[in-house]
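Novice: The structure that follows is given in the form of structure tokens.
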Amino acid sequence: MRNRAISEELFKRASAVIPGGVNSPVRAFKAVGGNPVFMKSAKGPYLIDEDGNQYLDFINSWGPMILGHAAPVVVEAVQKVLNDSFSFGAPTRREVEMAELIVSIVPSVEVVRMVNSGTEATMSAVRLARGYTGKDKIIKFEGCYHGHGDSFLIAAGSGAITHGAPDSPGVTQGVANDTLTVAYNDLSAVEQSVLENKNKIAAIIIEPVVGNMGCVPPSPGFLEGLRKICDREGIVLIFDEVMTGFRLSLGGAQELYGVRPDLTTMGKIIGGGMPVGAYGGKKEIMQQVAPAGKVYQAGTLSGNPIAMAAGIAMLTHLKNTPSVYQTIEKTSADICEGILGYIKEKNLPCSINRVGSMWTLFFTDQPVIDFNTAKTSDLAKFGQFFRSMLERGVYLAPSQYESLFVSAAITQEQAAQVVQAAKASLEEVFQK
Ligand code: HOZ
């Protein structure tokens, strides 16, 4: 057993002054057993904890660290601007450069507004869709998670389901009434909901590839079908690309699947690890945002100059280095095929979903296509697997209902080590 005495001590102190000892529920180990590990530093593919233990990282800050930790290109860009002050509350050149960069990369985005997190982006995009259409209701998909805005904490995935509150207390009935939920990948359920709420739906918001009930890809034709329904009914289609943007391809899931949403929400990679989000889309809709239009949205730190420097460096690097996407695809494929080979050989009740560098090993033999099938997973076995991998120096998301993220910093040799660790852990879990 690894020594984590300092982590244990910090968790004890944290629990006295921070709810649950963590500043975001997904960091807690409640669902997998044990206490969270406190990290001290990270470099490339490795996290190093307060006790000096080293882990190959498959969370990568829940997505942003696509190049691995402390990527020199991002570190240098931040170092260069640190002495120019941290915030102005006035426009800066870097915000213009960032907006131009995003518009040049994300296929459907003509105009973009910077915010500070993915949650802010999704809340703002939905308000905009309501202001633009003059309608109130939204459709979201069961198990999708779009940050912690009230409208989205209905049948929510990620930490909400992990900690047993997919419908959070504190969300008013009025807000809940305006959020309609349907099963992911079920186009006829969407048609039915739209029919029952004719001319009342402002937006359909979706993770085009879900990360928040574990990784779940869209069925062929599903995203295209949503596009058609939205066009026919005058509904704003919002792709939440906070996780998938700049990851599944440079232009995100919308580029990968060739479906253009009306609005896109972004976060994670866009800030290179700094707190950055953005929402953007068709000019006609985005021009409704204040002060161009009347839909109000604001932020003291929006477009923060240090965060913009990190984001510009990250996006510029990705734009100029297509090999990043080849690398993470190959590493992810090698790892998943290696583990899947073992699952088949031993006939284990497990399955893997993968799209590019997002993947989840589910402890169920059912194909996971939506929230209900994700929930057939054996959570106790997942917990055992998680703890075993942690002991073997591999840091996974402490929940079955999360996607893992692969960075370009992982070498072929390290990928092979992860496969070996997974085989040994599966052997332990199933005692075969
Ligand atoms: N939304 C991410 C997990 N699926 C990470 C952010 C968080 O909830 O802390």
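The values are calculated or read from the model by the stated rules, or taken from the named source; none is laboratory data. Note that this is a predicted model, so its numbers are computed, not measured. All Cβ positions, even for glycine, are placed from backbone atoms using ideal geometry, and neighbour counts span all protein chains on display. Surface accessibility is based on the protein's heavy atoms, side chains included, excluding ligands, DNA and RNA. Shrake-Rupley method; radii C 1.70, N 1.55, O 1.52, S 1.80 Å.
Novice: Starting from the Cα-Cα distance between residue 5 and residue 96, subtract it from 0.36 nm times their residue separation and give me the gain in nm to one decimal.
Specialist: 28.1 nm
Novice: What is the gain in length, in nm to one decimal, between residue 228 and residue 48 on full extension, counting 0.36 nm per residue of separation less the C-alpha to C-alpha distance?
Specialist: 60.0 nm
Novice: List the aspartates and glutamates whose Cα sits under 12 Å from the Cα of residue 268, skipping any in the same chain fewer than 8 residues away.
Specialist: 240, 241
Novice: Apply the Karplus curve 6.51 cos²θ - 1.76 cosθ + 1.60, θ = phi - 60°, to the phi angles in segment 362-377 and return the couplings in whole Hz, x for Gly and Pro.
Specialist: Result, rounded to whole Hz: 9, 8, 8, 8, 7, x, 8, 10, 6, 5, 5, 6, 4, 6, 7, 5.
Novice: Under 18 Å from the Cα of residue 283, which lysines turn up, not counting those fewer than eight places away in the same chain?
Specialist: Within reach: 294.
Novice: List the pairs from 375/423; 140/344; 43/282; 137/319; 140/381; 40/375 whose alpha-carbon separation is above 28 Å, in the order I gave them.
Specialist: Check vs 28 Å cut-off fails for 140/344; 43/282; 137/319; 140/381; 40/375.
Novice: Let me ask something else about it. Along the positive direction of the dipole of the chain (beta-carbon charges: Lys, Arg +1; Asp, Glu -1; about the Cα centre), which of 405, 179, 215 reaches farthest?
Specialist: Of the options given, the answer is 179.
Novice: How big is the Rg/Rh ratio for the chain, C-alpha atoms only, Rh by Kirkwood, two decimals? Intermediate results must be reported in sequence, preceding the final value.
Specialist: Values: Rg = 21.1 Å, Rh = 22.1 Å.
Taking Rg over the Kirkwood Rh, I get 0.95.
Novice: Give the lysines reachable from residue 12 as a straight Cα distance under 16 Å; neighbours fewer than 8 places away on the same chain don't count.
Specialist: By straight Cα distance, residue 12 reaches 30.
Novice: Grab the other residues whose beta carbon is less than 13 angstrom from that of residue 354, score K and R as +1, D and E as -1, and report the net.
Specialist: So the surrounding residues net to -1.
Novice: Once fully extended, how much extra length lies between residue 199 and residue 136, figured as 0.36 nm per residue of separation less the alpha-carbon to alpha-carbon distance?
Specialist: Fully extending the segment from residue 199 to residue 136 adds 21.7 nm.
Novice: Can you tell me how segment 246-293 classifies by the Cα gyration tensor, rounded, prolate or oblate, using a/c under 1.5 as the rounded cut?
Specialist: In terms of gyration-tensor shape, oblate.
Novice: Find the accessible area per residue for the chain; the probe is 1.4 Å, ligands and nucleic acids are left out, and the unit is Å².
Specialist: Accessible surface, normalised per residue, equals 41 Å².
Novice: Would you mind computing Rg(Cα) / (2.2 N^0.38 Å) for segment 95-158, counting N as its residues?
Specialist: 1.27
Novice: Can you work out the Karplus-derived ³J(HN,Hα) for every residue in segment 32-49? Use 6.51 cos²θ - 1.76 cosθ + 1.60 with θ = phi - 60°, whole Hz, and x for glycine or proline.
Specialist: 10, x, x, 10, x, 8, 8, 8, 10, 7, 7, 8, x, x, 9, 9, 10, 8
Novice: What size of dipole, in debye to the nearest 20, comes out for segment 287-432 about its Cα centre when the only charges are +1 on Lys and Arg C-beta atoms and -1 on Asp and Glu C-beta atoms? All intermediate terms of the calculation are to be shown ahead of the outcome.
Specialist: On the way: 12 positive and 12 negative charges, 55 e Å.
Dipole size: approximately 260 debye.
Novice: Same structure again: Need one number for segment 60-131: average projected area of the convex hull over its C-alpha atoms, nm².
Specialist: 6.6
Novice: So if I take the centroid of the Cα atoms in segment 1-79 and the same for segment 394-410, what is the distance between those two points in Å?
Specialist: First find each Cα centre; the distance between them is then 12 Å.
Novice: Using modelled backbone amide H atoms (1.01 Å from N, in-plane), which distant-in-sequence or interchain residues come within less than 5 Å of residue 58's amide H?
Specialist: Counting only residues 5 or more places away or on other chains, the set is 395.
Novice: Say each of residue 81 and residue 23 gets a label point 7 Å from the Cα, pointing the same way as Cα to Cβ; how far apart are those two points in nm?
Specialist: So the label points at residue 81 and residue 23 sit 2.1 nm apart.
Novice: Hey, another quick one. What is the percent carbon and sulfur in the accessible area of the chain, measuring with a 1.4 Å probe over the protein chains and ignoring ligands?
Specialist: On the way: 9350 of 17710 Å².
Answer for the chain: carbon and sulfur cover 53 percent of the accessible area.
Novice: Here is a further query. Just to be sure I understand: of the beta bridges DSSP finds with both ends in segment 114-246, what percent are antiparallel, rounded to 5?
Specialist: If we restrict to bridges inside segment 114-246, about 10 percent are antiparallel.
Novice: For the residue pair residue 316 and residue 294, what label-to-label distance in nm results when each label sits 7 Å from Cα along the Cα-to-beta-carbon direction?
Specialist: 4.1
Novice: Here's something else I'd like to know. Let me check against my output: what whole-number percent is the relative contact order of segment 144-244, with C-alpha pairs under 8 Å and at least 6 apart?
Specialist: RCO, segment 144-244: 26 percent.
Novice: Turning to a different aspect of this structure: Does segment 244-393 come out rounded, prolate or oblate, given a ≥ b ≥ c as the square roots of the eigenvalues of its C-alpha gyration tensor, rounded meaning a/c under 1.5 and, failing that, prolate meaning a/b above b/c?
Specialist: In terms of gyration-tensor shape, prolate.
Novice: Just for segment 237-355, what percent of DSSP beta bridges are antiparallel, to the closest 5?
Specialist: Percentage antiparallel, nearest 5: 45.
Novice: Separate question: Take the Cα atoms of segment 1-145, build their convex hull, and give its volume per residue in Å³.
Specialist: Output value, Cα hull per residue: 206 Å³.
Novice: Sort out for me the Cα centre separation of segment 305-327 from segment 221-265, rounded to whole Å.
Specialist: Their Cα centres are 22 Å away from one another.
Novice: For segment 366-432, what class follows from the C-alpha gyration tensor (a ≥ b ≥ c being the square roots of its eigenvalues): rounded when a/c is under 1.5, otherwise prolate if a/b is larger than b/c, else oblate?
Specialist: Because a/c hits 1.5 or more and a/b fails to exceed b/c, segment 366-432 counts as oblate.
Novice: For the chain, give me the percentage of DSSP beta bridges that are antiparallel, rounded to the nearest 5 percent.
Specialist: Expressed as a percentage, antiparallel bridges in the chain total about 55.
Novice: Same structure again: Suppose each label sits 7 Å from its Cα in the direction of the beta carbon; what would the residue 427-residue 379 distance come out to in nanometres?
Specialist: 3.0
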